[in-house]
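The values are calculated or read from the model by the stated rules, or taken from the named source; none is laboratory data. Predicted, not measured: the structure shown is a model, and the values here were computed from it. So basically every Cβ, Gly included, is an ideal-geometry build from the backbone, and we count neighbours across all protein chains shown.
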Amino acid sequence: MALVFIPSLMQNLSNGEQRVSVEGANVRQIIDNLDSMFPGFKNRLVEDGRVKPNISVAIDGEITPLGMIEKVTEDSEVHFLPAISGG
Amino acid sequence: MTTADYERNMVLATDTDYKVIGTRPVRHDGADKVTGRAIYGADFDAAGLLHGKILRSPHAHAKIISIDTSKAEKLDGVKAVVTSKDFPQSESRKDQWLKDNILASDKALYAGQAIAGVAASNPHVAESALGLIEVEYEVLPPVLTTQEAMASNASILHDSLTTEELGDDTGVVSNVASHSQHVKGDISKGFEDADVIIEREYNTKTVHQGYIEPHNATALWSPDGRLHVWCSTQGSFVVRDSLAELLDLPVSMVRVTPTEIGGGFGGKIPIYVEPVAALLSRKTGAPVKIVMSRRETFEASGPTPGSQIKIKIGAKHDGTLTAAYAWMAMEAGAYPGSPVGAAVQCVFSTYDIENSTIDGFDVVVNKPKTAAYRAPGAPNAAFGAEQAINELAEKLGMDPIELRLKNVATEGTRRPDGPVFGKIGAKEVLEAMRDHPHYQSDKAEGTGRGVSIGFWFNIGFDSACNIAVNKDGSVNLTEGSTDIGGSRTSIAMHAAEVLGIPVEDVRPSVVDTDTIGFTAVTGGSRTTFATGWAAYEAAQDVKKQCIERAAKIWDVDANGLQMEDGVISSKSDSELRMTFKELAEQLSDTGGGISGSASVNPSGVGGSFAGNIADVSVDPETGKTTVERFTCVQDVGKAIHPSYVEGQMQGGSVQGIGWALNEEYFMNDEGTMTNSSLLDYRMPTSLDLPMIDTVIVEVANPGHPFGVRGVGEANIVPPTPTIANAIYDATGKRMTQLPMSPGAILSVSPE
Amino acid sequence: MPAKTYVQTTINGEHVDFLCEPRQSLLECLRDEIGLTGTKEGCNDGNCGACTVNIDGRIVTSCLVLGVEAEGADIETIEGVADGSNLHPLQLAFLENAALQCGICTPGFIISSKALLEQNPNPSEHEIRFWLANNLCRCTGYDKIVRAVQDAAKRLQEA
C-alpha cells in the first residue's frame, strides 16, 4: 500500500497519525480511500473533482502535473504540499 | 580589466558530446535588439490609437463613497471613462478581488490602487482628464507591517477574509489569510540534543523587481466581439485566460500577441492595465494603449513582500544540525497571495536535518498586492537561515562551507516539507565554492568575506512547439514562451541538436495565443526546461517523419534507417544516404511538407542550488559597503547556452546585491511610498559592482533529455545573506534588517 | 490645445522636421511624432538612461530635453549607429558577448558607449563603469556589458 504523509495541519483529521498506509492505484483512489478511513480529507483536498488549485500532490518526491489520474504504486510516497510557482 | 590569474567564468561541464548544446551562438533576435528595431509594448502602434491613463487612490486605506466622472468625460479630446462598474458581475470572491486590483470597487486598499481609466486622443489630455474625476473617500487607518496586521486590535482590510490552514477555513476573520506548516521529527528533542543554539529575528522590506520597461498594453475590442491585446508579458496565455474570465468572454474570443518584453522577473505575470485598455476600447471602438509611468510601476504593480522571519537552529559540537525552527510572516499586500508557501519549502531545504518545524503566515497589509520576484519567498527566508548557519559555524569554530558540507542534502535526503530529494547538486556547488580561487585566496586588507547557499525547486507546466521544414533545409520553429533573456535561441538549440543541423538553420519565433498551443509563463525557471523539451519532442516528431519519408523514397523499411548529425542513412546499405537538406528539397514532390509538433507538461523537474562568495569593505565613517569581489556558483544541470546561463547567474546576483544594500520602499505613516523614482529607489549601477565571476556546475537532471535544470531563479537566493555574512566578517556587526544601507550599518553596534 | 511649434533638426545625418507642443520632450517627439521608437522610456526623469541620445556630440537623457530644443541640433539615435546593413563593432560586440538579455536598455548603452569610445578609445574597466553609471540594466549585472565595450574598443583600434 502507498504511504500517505499527512500534513501537520491536517493531522486533526487523522487522529494525529503522521503517516497512513492507503490502498489505491492512482491519486483519486488514494484520496477516496483516505477519506473513507478518515472523513474530511476529500473536502480539504478536492474541489470540482480536481485537486484544489492551491495544493500540489507529490509522488515519490516529484510534483505531478497529472493530478487525480497520476498513478501510484505499492511503494509510493504521497505528499500534499501548498502549490507554488515562480517568478 | 584587471587581468585575473584564474578563469572568471568556469563551466564544469558534463556530457560534452553535443554538437549544438553547450555552444554560444548569437541570438536570433539579436540584430533587431541592438538596432532598436525590436517592437516592445510601448512601441506598438495602430491606426486610430487612443491613449489611456489611470486615476489612482492617494490613500492607503479608504472606503470609496462615490466616483463622479462627468467633468472628465466632457473634456475636449476625452473619448471614454471607465470604472469598476464597467466590469461584468463576479461570482467568486477571488475574481472580485482580481477586478478590484485592476479598478477598485468599494475600497481602496493601497495608495496607487486604480480607481478609473480615461481614453483620450493624446496622453497629455488623458492626464488632464484624471484631474477632473471627483472621488469621495472615507479614509481609514492603514496597516503597514505584518506586526501591525497580526496584532489583536488591527484594522481589518477584508471583512470576509478568514484564516485558511491548508484547505481548512478556520472561520477567524483576520488579516492573516493563511497559515501553512511543515513538521519533521520533533524539534523539542532536537534542541535538547543541541550543544549550540542560534536564535534570531530578521526583517526585510518591500522591494521591486525593477524591470526597466514599465507595464503596457494596447487593446482592440472589435465590433465582432473579438478582443485583441498586444502587451509585454511573461505569459500571453495567462493574460488571455485572465481577460476571458474577468470580461466574461470565451477564451476563443481573446487573442494576446506578446510584444518583446523589457524585463519581468515575475512582476509581469499578473495583469494590470490590459483589462482597463480593453474596457476603454469597447466603449470607444478604437485601439487604446496604456503605458504605466515609473511611479505607477512602483506604486501600482506587484513588488515582493516585506517579511518578518524568526530562525532557531541547533547543532552538536561536531557540527551536526539537530533541529531547525522557522516562523515567517510575509506581506501579501492588499489581497492574499504572498509567496510564503515557497519560502517555507525552501528555508532549510539545503540541509539534512532530522527535526524541523516551519510556520508560514500570509498577511494582508495596505500596500500593493505582491507579485512574484525571482524565486519568490526564498531570498527572504535565506536572509535569516543562511546567516544563522554562519553564526553557528563561528560558534563551533568550523569553516562555514565545511559546516554546510557536513549537513548537506543529497539524493535521498528527506526535505523538511516531506518529499525525498532526487538527484541534486548542493554538495557539488559547495565543493566548487570551497575549491574556487576566490575562496582559496587571502582576503584583501580591510575586507570581510561571506558565503551562503540557496535553493529553488523550479517548476514544469505546459509548453507547446511546432516545427515546419523548409525547402532549403532550414526549419521554422514556433513557440509561446516570451523571450526575456535569449530563450528563443536556447529552445532552437534543442531542435538543432535533435535534427543535427546548425542552429542558424532554425528560425525561432515567439507567437501569439492563436498560433501555438497553451504555454505557461516564462518564469519559474521553466522555459529552457519545458519549452526546450517541447522543441525536443517536436524535433523528434520531424525526425521520425524524415526517416519515414526517406524510406518511402528509397522504398525500404523505415526500421532499417537512422538519422544522425543531419544525415539519413541505412544501417545496412552504405549506398543509401542523404542529408536533411537533400530530403527537404524533395518533400513537396514526395508527398508534401513535413511538420512536427508537441505539447508537453513534463514532470522530472530538477531543483537548483546556487552559492555565493563575496568580499566586501565597509567604510567605518559612512557605513557604505563596497562589493570588492563576487563569485556565483550554480548547478544548472546542463548549460544549453553557457553565456545566457552566466547572464542569469550574474543578473540574479546583482539584483540580490541591490536587495542587500540599498533597495527598499520608504513608506510614510499614511502608507504612501515616498521614493517611487529610480533616483531614490536605488538599484545597482555599473559603478557599484565588480565583475561577477561565475562557475556553472552540471549535475545533470535525469528528468530532462539534456539534463537541464532551471537556472533563472536560484541565484537571487544567496546574495543577501552572503553580503550580510561578509559585513559581519568585516565589521563584527550582525545585520538582521534589510537593506543593509549605510545608515542601517551605522546604527548597529558590533556584537 | 496648445499651439504646436515647427522644429527642424538633423537626426542620424538626415534632415527631419516635425510639429510638437512645447510640453513634449524630445523623447516623446522621437517616439510619437517622428516614429523612431528605438529610444526607450524607462523612467521619464533622467534616472535610467534608456532614452540616451547624442546631441551635438554630447550624450543626454532625451526625456529631460524638450522637443523644441532640438531646433538646429545634430542628433544621433540608435537607429543611426549601424552603417546601412553593417552593424557597428559595438553592436557586434554586444551580440557576441551576450551583453543583452531583455534588450530594453541596450539602445541607451550603445549610444553611451559609442560616445565613450569616441572620446577615450582605450578605457579602463573603471572608466567604462563610471561613464555608464547612468545607464541602468536590471538583467545582466553589467559584467558582460563591460566586456562588450572592452571588446568593441579592441575591434575599433584594430580597424
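Just one residue in the set B:Ile212, B:Ile261 is modelled with pLDDT of 95 or more, under 25 Å from B:Thr685 (Cβ atoms) and either in contact with a Leu (Cβ under 9 Å, 6 or more places away or on another chain) or surrounded by fewer than 24 Cβ atoms within 10 Å (Cβ to Cβ) (or both); that residue is B:Ile212. Counting only residues that are under 24 Å from C:Asp83 (Cα atoms), at the interface with another protein chain (Cβ under 7 Å from one of its Cβ atoms) and in a loop (DSSP other than H, G, I, E, B), the stretch C:103-134 holds 4 of them.
All of (1) surrounded by 18 or more Cβ atoms within 10 Å (Cβ to Cβ); (2) closer than 29 Å to B:Ser338 by Cβ hold for A:Gly67 with one exception: (1).
Any residue that is among the hydroxyl-bearing types (Ser, Thr, Tyr) and in contact (Cβ under 8 Å) with a residue 24 or more places away in the chain - is there at least one of those in the stretch A:12-31? Yes, the stretch A:12-31 contains at least one residue that is among the hydroxyl-bearing types (Ser, Thr, Tyr) and in contact (Cβ under 8 Å) with a residue 24 or more places away in the chain.
Each residue in the stretch B:444-465 was checked for being polar (S, T, N, Q) and surrounded by fewer than 24 Cβ atoms within 10 Å (Cβ to Cβ), and 1 pass.
All of B:Glu628, B:Glu621, B:Glu646 fail the test of being acidic (Asp, Glu) and either assigned to a loop (DSSP other than H, G, I, E, B) or away from every other protein chain (no Cβ under 14 Å) (or both), apart from B:Glu621. Annotation: A:Pro82 fulfils all but one of (1) modelled with pLDDT of 90 or more; (2) buried (at least 20 other Cβ atoms within 10 Å of the Cβ); the unmet one is (1). Among the candidates A:Phe38, A:Phe80, the residue that is within 21 Å of B:Glu165 (Cβ to Cβ), touching a residue at least 12 places away in the same chain (Cβ under 8 Å) and within 12 Å of the chain's Cα centre (by Cα) is uniquely A:Phe80.
In the stretch A:21-45, of all residues being within 10 Å of chain B (Cβ to nearest Cβ) and farther than 17 Å from A:Ala2 by Cβ, the one that is surrounded by the most Cβ atoms within 10 Å (Cβ to Cβ) corresponds to A:Arg44. Here is a check on your reading of the model: is A:Glu62 touching a residue at least 60 places away in the same chain (Cβ under 8 Å) and either surrounded by 15 or more Cβ atoms within 10 Å (Cβ to Cβ) or at the interface with chain B (Cβ under 9 Å from one of its Cβ atoms) (or both)? In short, no. Taking the criterion of being in a strand (DSSP E or B) and within 14 Å of another protein chain (Cβ to nearest Cβ), the residues of the stretch B:44-80 that qualify are B:Leu50, B:His51, B:Lys53, B:Val78. Residues in the stretch B:235-288 that are within 14 Å of another protein chain (Cβ to nearest Cβ), touching a residue at least 40 places away in the same chain (Cβ under 8 Å) and over 30 Å from B:Gln655 (Cα atoms): B:Glu245 only. Contact annotation: residue pairs with Cβ atoms under 6 Å, 6 or more positions apart or on different chains, pairing a residue in the stretch B:678-695 that is at the interface with another protein chain (Cβ under 8 Å from one of its Cβ atoms) with a partner that is basic (Lys, Arg) and surrounded by fewer than 22 Cβ atoms within 10 Å (Cβ to Cβ), are B:Ser686/C:Arg129; B:Leu687/C:Arg129.
Look at (1) more than 30 Å from B:Phe298 (Cα to Cα); (2) outside the structural domain of C:Cys139 (by TED's automatic domain parsing); (3) in contact with an Asp or Glu (Cβ under 8 Å, 6 or more places away or on another chain) and you find that C:Cys20 fails only one, number (1). Identify, by number, the condition in (1) in a loop (DSSP other than H, G, I, E, B); (2) surrounded by fewer than 24 Cβ atoms within 10 Å (Cβ to Cβ); (3) charged (D, E, K, R) that B:Glu504 doesn't meet. It fails just one condition, (1). Can you pull out the residues in the stretch A:67-84 that are among the aliphatic types (A, V, I, L, M) and over 11 Å from A:Ala2 (Cα atoms)? Those that are among the aliphatic types (A, V, I, L, M) and over 11 Å from A:Ala2 (Cα atoms): A:Met68, A:Ile69, A:Leu81, A:Ala83, A:Ile84. The selection criterion, being more than 14 Å from chain A (Cβ to nearest Cβ) and either part of a helix (DSSP H, G or I) or in contact with a helix residue (DSSP H, G or I) (Cβ under 8 Å, 6 or more places away or on another chain) (or both), holds for B:Ile311.
Does B:Pro376 satisfy the criteria of being without any contact (Cβ under 8 Å) to a residue 24 or more places away in the chain and within 13 Å of chain A (Cβ to nearest Cβ)? If you could, list the steps in order and put the result at the bottom.
Working: without any contact (Cβ under 8 Å) to a residue 24 or more places away in the chain: no; within 13 Å of chain A (Cβ to nearest Cβ): yes.
For B:Pro376, the condition - without any contact (Cβ under 8 Å) to a residue 24 or more places away in the chain and within 13 Å of chain A (Cβ to nearest Cβ) - is not met.
Would it be correct to say that C:Leu36 is part of a helix (DSSP H, G or I), within 23 Å of B:Ala31 (Cα to Cα), within 14 Å of chain B (Cβ to nearest Cβ) and of a type outside the set (Phe, Trp, Tyr)? Spell out how you get there, then give the answer.
On the way: part of a helix (DSSP H, G or I): no; within 23 Å of B:Ala31 (Cα to Cα): yes; within 14 Å of chain B (Cβ to nearest Cβ): yes; of a type outside the set (Phe, Trp, Tyr): yes.
So C:Leu36 fails the test.
Has the stretch B:90-98 got any residue that is within 14 Å of chain A (Cβ to nearest Cβ), free of Cβ contacts under 8 Å to residues at least 40 places away in the same chain and either part of a loop (DSSP other than H, G, I, E, B) or at positive phi (or both)? Yes, the stretch B:90-98 contains a residue that is within 14 Å of chain A (Cβ to nearest Cβ), free of Cβ contacts under 8 Å to residues at least 40 places away in the same chain and either part of a loop (DSSP other than H, G, I, E, B) or at positive phi (or both).
Of all residues in the stretch C:62-79, at least one satisfies being within 9 Å of another protein chain (Cβ to nearest Cβ), outside any loop (DSSP other than H, G, I, E, B), modelled with pLDDT of 95 or more and touching a helix residue (DSSP H, G or I) at 6+ places or on another chain (Cβ under 9 Å).
Kindly indicate whether any position in the stretch C:88-97 is free of Cβ contacts under 8 Å to residues at least 24 places away in the same chain, among the aromatic types (Phe, Trp, Tyr) and within 7 Å of another protein chain (Cβ to nearest Cβ).
The answer is no, given that none of the residues of the stretch C:88-97 is free of Cβ contacts under 8 Å to residues at least 24 places away in the same chain, among the aromatic types (Phe, Trp, Tyr) and within 7 Å of another protein chain (Cβ to nearest Cβ).
For the stretch B:573-604, a residue qualifies if it is small (Gly, Ala, Ser) and either within 14 Å of another protein chain (Cβ to nearest Cβ) or touching a helix residue (DSSP H, G or I) at 6+ places or on another chain (Cβ under 6 Å) (or both), and the qualifying residues are B:Gly596, B:Ser597, B:Ala598, B:Ser599, B:Ser603, B:Gly604. When each of B:Pro642, B:Pro620 is tested for being surrounded by fewer than 24 Cβ atoms within 10 Å (Cβ to Cβ) and either touching a His at 6+ places or on another chain (Cβ under 7 Å) or closer than 25 Å to B:Gly30 by Cβ (or both), the lone residue that passes is B:Pro642.
From the list B:Pro368, B:Pro339, the one residue that fits, being of a type outside the set (Asp, Glu) and within 14 Å of another protein chain (Cβ to nearest Cβ), is B:Pro339.
Among the residues making up the stretch B:23-77, those that are over 21 Å from B:Trp230 (Cα atoms) and touching a Pro at 6+ places or on another chain (Cβ under 7 Å) are B:Arg24, B:His28, B:Ala60, B:His61. For the stretch B:623-639, taking the residues that are over 28 Å from B:Gly422 (Cβ atoms) and of a type in the set (Ser, Thr, Tyr), the one that is surrounded by the fewest Cβ atoms within 10 Å (Cβ to Cβ) is identified as B:Thr626.
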